[in-house]
Amino acid sequence: MCMARIADTTIPMIMAIPTITPLAGKPPIAMADPDAGPSADPVDILPLLAWLSPAFPVGAYAYSHALEWAVEAGDIRTEADLAGWLEDLLLHGLGRNDGILFAQAMAAAGAGDGARLIEVNALAVALAPSAELWLETCQQGRSFLDAVCAAWPAPALLAQAGLLKGEVAYPVAVGLAAASHGVPPQLALEAFLLAMMQNLVSAAIRLAPIGQTAGTRVVAALAPKVRALAADIRTLTLDDLGSATFRADLGSLRHETQYTRLFRS
């Protein structure tokens, strides 16, 4: 029995403590059923939401894709500066290229074409323009693939993940997982690109040229461009890869010797 005092009146209260009986043979936490495959729901986005969450253990928070250098150099001082920088990255650099690689990897995995998947991954790894950006894509790619195979081990995923030895580019890893779990391609690509932009906005907020509200506005402004780019990418091939964001690429090289750094890229 415990006592609760309300004003000057003491009222006895009886609290029942339930008895909890654990389920025999059932662990408190279990991974996804490896034999279940995709959900019966034709648009099952729950795995995708988990994979692209900032909480998913790929270490995305540690990378800025040269934004840290751009802030230090004075290229990004305002919300408008950030919006313009990220729009260029999305449409003419990182976003477009990684989107093409994601779509090609997803198509290869969906068709069960292991040789094509290996080819796309090798190209994605080779395209990194600097040591830091190579680390950014390869560390996240391998971490993502290890985590998703451990927690969402669909048969198709496990079979094709074993083909990717050594370095795995991040867009290839996510594309493989999305195909293996039956995520609709357009939805998967849009979510992947938007999550990329959100991660870079988060880095910019931590670097302090903008605040959270301004960052949210930047993400909202980029969303329609993400959708349009994703639609365009569905018609592109590996022959359409290319970049015109030279200052960002050079910034990633200069970031390697930047005196004060919060980020790995």
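Taken together, the values in this text are just the output of simple stated rules run on the coordinates, not laboratory data. Note that the structure is a prediction, hence the values are computed from the model and not measured. For neighbour counting, all protein chains shown are included, and Cβ atoms are generated from backbone atoms with ideal geometry for every residue, glycine included.
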Once every Cα of segment 75-165 carries one equal point scatterer and solvent is ignored, give the base-10 log of I(q)/I(0) from the Debye formula at q = 0.12, 0.21, 0.22, 0.23 Å⁻¹, two decimals. -0.47, -1.09, -1.15, -1.21
Sketch the reach of a paramagnetic label on Arg217 as a point 7 Å from Cα along Cα-to-Cβ, and name the residues of segment 69-89 whose backbone nitrogen lies under 13 Å away. 78-84
State the three equivalent ellipsoid semi-axes of segment 55-110, derived from the C-alpha gyration tensor as the square roots of 5 times its eigenvalues, in descending order and whole Å. 27, 16, 8
If R0 = 35 Å, then Ser53 and Ala111, at their Cβ-Cβ distance, give a FRET efficiency to the nearest 0.05 of 0.80
Quick one: what are the phi-derived ³J(HN,Hα) couplings along segment 85-101, Karplus 6.51/-1.76/1.60 with θ = phi - 60°, whole Hz, x for glycine and proline? 4, 6, 4, 5, 4, 5, 8, 10, x, 3, x, 5, 5, 5, x, 4, 5
Log entry: pair-distance distribution for segment 155-265, C-alpha pairs binned every 10 Å from zero, whole % per bin is 11, 30, 37, 20, 2
Please work out the Cα convex hull volume for segment 123-175 and give it in Å³ per residue. 66 Å³
